[in-house]
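All remarks here apply to the structure that follows.
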Amino acid sequence: MERIELYDIDLKNLRESRTTYNYKVSDEFFNLIEATGIEKGELDVSVEVKKEIGAFRLNFHIEGFVVGICDRCLDEVDVDIFTDNTLKVKFGEEYSDDDEIIVIPESEGIINVAWYIYEFTYLSLPCRIVHEEGECNEQMQEKLNDLIRYDNTDEEVSDADDCEDEENETTETDPRWDALKKILNNN
């Protein structure tokens, strides 16, 4: 069983100027974090800690895959992850999480990197998660195609006179709508 303490790095007692920590992240890790964005995956994480003057630089290298939900058909899809991120940490009086630097109490000297692994992984996900072309759930794809309207041929006209008038008129559409219809057809 995974424990959150496995992701503690004791910065205060580092002997080397450069140390690397390797983690295998799996479904248990995502259950341990208890966040709603990612629940399954297999990741190889490498955290290189470099001592600098007055601070530490943590370089994260994360690669593998996580399981996401397809925005088109709502089935699970594997999303490849490959990301490199850097975190600066220094000692201080009390904990502080600034955008540029993390301050941890010098009396403790320990930083837990589990949340940062999750956060960097989540931030590397694409904005739109979809299956490759032709791999979506066929039943859902058929339902979507049934519900999408590409033109206004579904309008019913009640009066016969209106039908004749419309047949005689040429309807021109705004070219901006035509461009939007092309986008719909590509999905």
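The values are calculated or read from the model by the stated rules, or taken from the named source; none is laboratory data. Computed from a predicted structure; not experimentally measured. So basically every Cβ, Gly included, is an ideal-geometry build from the backbone, and we count neighbours across all protein chains shown.
Using the structure shown, decide if Gly68 is part of a strand (DSSP E or B) and in the same structural domain as Pro105 (by TED's automatic domain parsing). First the steps, then the outcome.
Details: part of a strand (DSSP E or B): yes; in the same structural domain as Pro105 (by TED's automatic domain parsing): yes.
Answer is yes for this residue.
Look through the stretch 90-125, keep the residues that are small (Gly, Ala, Ser) and not in a strand (DSSP E or B), and return whichever of them is farthest from Lys12 (Cα to Cα). Here the answer is Ser124.
Among the residues of the stretch 91-118, what is the count of those that are surrounded by 15 or more Cβ atoms within 10 Å (Cβ to Cβ) and more than 23 Å from Tyr23 (Cα to Cα)? Quick ask: steps written out before the conclusion?
Filtering the stretch 91-118 for residues surrounded by 15 or more Cβ atoms within 10 Å (Cβ to Cβ) gives 91, 102-104, 111, 113-114, 116-118.
The next check asks that each one be more than 23 Å from Tyr23 (Cα to Cα); those that pass are 91, 103.
Qualifying residue count for the region: 2.
Of all the numbered requirements in (1) surrounded by fewer than 19 Cβ atoms within 10 Å (Cβ to Cβ); (2) assigned to a strand (DSSP E or B), Val49 misses one, and that requirement is (1).
Any residue at all in the stretch 111-127 that is more than 24 Å from Ser46 (Cβ to Cβ) and either more than 18 Å from the chain's Cα centre (by Cα) or touching a residue at least 60 places away in the same chain (Cβ under 8 Å) (or both)? First the steps, then the outcome.
Of all residues in the stretch 111-127, those more than 24 Å from Ser46 (Cβ to Cβ) come to 127.
After this cut, where a residue has to be either more than 18 Å from the chain's Cα centre (by Cα) or touching a residue at least 60 places away in the same chain (Cβ under 8 Å) (or both) as well, the list is none.
No.
What are the residues in the stretch 16-34 that are within 16 Å of Asp80 (Cα to Cα) and among the polar types (S, T, N, Q), if any? Scanning the stretch 16-34 gives a single hit, Ser26.
Evaluation of Tyr150 against the conditions (1) over 30 Å from Gly54 (Cβ atoms); (2) at pLDDT 80 or above; (3) not in a helix (DSSP H, G or I) shows that the sole unmet condition is (2). Here Phe56 clears all of (1) in a loop (DSSP other than H, G, I, E, B); (2) touching a strand residue (DSSP E or B) at 6+ places or on another chain (Cβ under 9 Å); (3) hydrophobic (A, V, I, L, M, F, W, C); (4) more than 23 Å from Glu135 (Cα to Cα) except the condition numbered (1).
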